[in-house]
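A short write-up of the structure that comes next.
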Amino acid sequence: MLIDFLGLISIFSYSIIIIVLSKNLINYKNSLLKINDTNDYLPFVSVVIAARNEEKNIKPLIKSLLKQSYPKNKFEVIIINDRSTDNTLKILNQSKTFLSQLLILNVKTTPIGWAPKKWALKFGIDQSNGEIILQTDADCIVPQKWIEKIVTQFSDKSVGFVAAPSPMGSSNSLIDKLFFLDSMAQDAISASGFLNNIALTCSGRNISFRKAIYNHVDGYVGTESIPSGDDDLLMHKIYNLHKYKMIFLLSKDVVVLSDAPKTFKQFLLQRMRFASKGLLYYKIDTNTIFRLILPLILITNIFCFYFLICFLNNPTIYLLILFIIKNLADLYITYNYHYSIDQPFSFLSFSFLSIIHPIYIITFGIIGSLINVRWKN
């Protein structure tokens, strides 16, 4: 049948691309650039974070920033309070007594045509003094050497953008393990792209860039109305300059952690927001390989789900082999990525996720591109 043949081509193409992209993960276990740790390069750095109604998360973030190994007089922390209605601002004001580098900015209104988070980040970056901008989210916890290790990469003046691991969830419950594995799989795709000099995706929970380059590409202008994309859409703009190196730093010392969504509604809104950029990638200047890989991932998962249903109705070795081939490619990239940053890998979680993942990709990949979503209510 034609559909079987097309499915076969799709799954084999997907699997080959995934394996080829991920072949460098082991070779670059510690970092893409072999730069020795040194204190000679100590630029002033701005950590810029947008926060809205984060009273339950902001304290752990502040505590982790307090423990940074980078010289205290060489960085500032700018947290933009985006119209919070809880105790976020109160907690931030209290934090100034022990985090002297903290600058609190308040957004009272968002200009028409701007997504709230992007405006908040723009507001903070515009008032920053750092040569290097580091970004994370208000519900994250950064490791002690986070700033130090990230900044080291920028000692190479040709480096313009650095991304790093940012898994969600933990190894506690099964749900947390699934969130953790899912976010690690997304990071694995991102890292593999960087290692092959291809801009695919990244997470705003752990990115950094030179402020001068951000200004050169006019920051978020051009995509300012999109609720998501303060990370990968900016990354694509910088990548398209073809003047700067793009790095994904593979090191356990820069792994930024955050909790998984606590409710189904939070999960739904978050994933819809991530997927809301799907069609936009073809309206802005993104690279050809990325434009080909994106629909291939969706199509392959559609076929994978179709073959799984067919197998349940009429078990055959052929259908089972196709399903296994696709998941072996996924296993290869996710396991190697976990290994590259010394993170534990759960084969049980992977087995469970491999069954539900096609449904997840199809649902959010299609619906997310068709509806409007907000950053936070």
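The values are calculated or read from the model by the stated rules, or taken from the named source; none is laboratory data. All figures in this text were calculated on a predicted structure; none of them were measured in a lab. FYI the Cβ positions are ideal-geometry reconstructions off the backbone, even for glycines, and counts take in every protein chain you see. Ligands, DNA and RNA are excluded from the accessible area calculation, which covers all protein heavy atoms including side chains. Shrake-Rupley method; radii C 1.70, N 1.55, O 1.52, S 1.80 Å.
Worth pointing out:
- Highest-first packing order for the peptide set 119-125, 152-158 is 119-125, 152-158, based on the mean count of other beta carbon atoms within 10 Å.
- With the simple model of a label 7 Å out from the Cα in the direction of the Cβ, residue 72 to residue 13 spans 5.7 nm.
- Inter-site label distance for residue 317 and residue 157 at 7 Å from Cα along Cβ, in nm: 6.3
- Across 140, 310, the residue with the most accessible area heads the list, and the full order at a 1.4 Å probe is 310, 140.
- Its convex hull of Cα atoms gives the chain a direction-averaged projected area, equal to a quarter of the hull surface, of 18.3 nm².
- The angle separating the long axis of helix 116-126 from the principal Cα axis of greatest extent in the chain is about 40 degrees.
- Here segment 150-271 yields Rg over Rh of 0.99, to two decimals, using C-alpha coordinates and the Kirkwood radius.
- Total formal charge among the other residues, if their Cβ is under 11 angstrom from that of residue 216, Lys/Arg +1 and Asp/Glu -1: +3
- Computed [θ] at 222 nm, helices only, for the chain once each DSSP H run of length n ≥ 4 contributes -39500 (n - 2.57): -15000 deg cm²/dmol
- Burial ranking of peptide ranges 83-90, 243-250 (average Cβ count within 10 Å, highest at the top): 243-250, 83-90
- Packing-based ranking of 66-79, 340-353 yields 66-79, 340-353, ordered from highest to lowest mean Cβ neighbour count within 10 Å.
- For the pair residue 363 and residue 108 in one chain, pulling the backbone fully straight at 0.36 nm per residue adds 88.3 nm over the alpha carbon distance.
- If you sort the three axes of the alpha carbon gyration tensor as a ≥ b ≥ c, you get a/c under 1.5 for segment 57-176, which makes it rounded.
- Per-residue SASA entry for residue 357, accessible area with 1.4 Å probe, Å² rounded to 10: 40
- Angle in degrees between helix 2-22 and the longest Cα principal axis of the chain, rounded to the nearest 10: 40
- Working from label points 7 Å from Cα in the Cα-to-Cβ sense, the residue 347 to residue 242 distance is 4.6 nm.
- Full-extension gain in nm, residue 94 to residue 1, via 0.36 nm per residue minus C-alpha separation: 26.8 nm
- Cα long-axis angle, helix 288-313 against the chain (0 to 90 degrees, to the nearest 10): 50
- Segment 291-314-segment 240-260 distance, computed between alpha-carbon centres (Å): 30
- Eligible lysines near residue 23 by straight Cα distance, threshold 23 Å, same-chain separation 8 or greater: 34, 245, 252, 326
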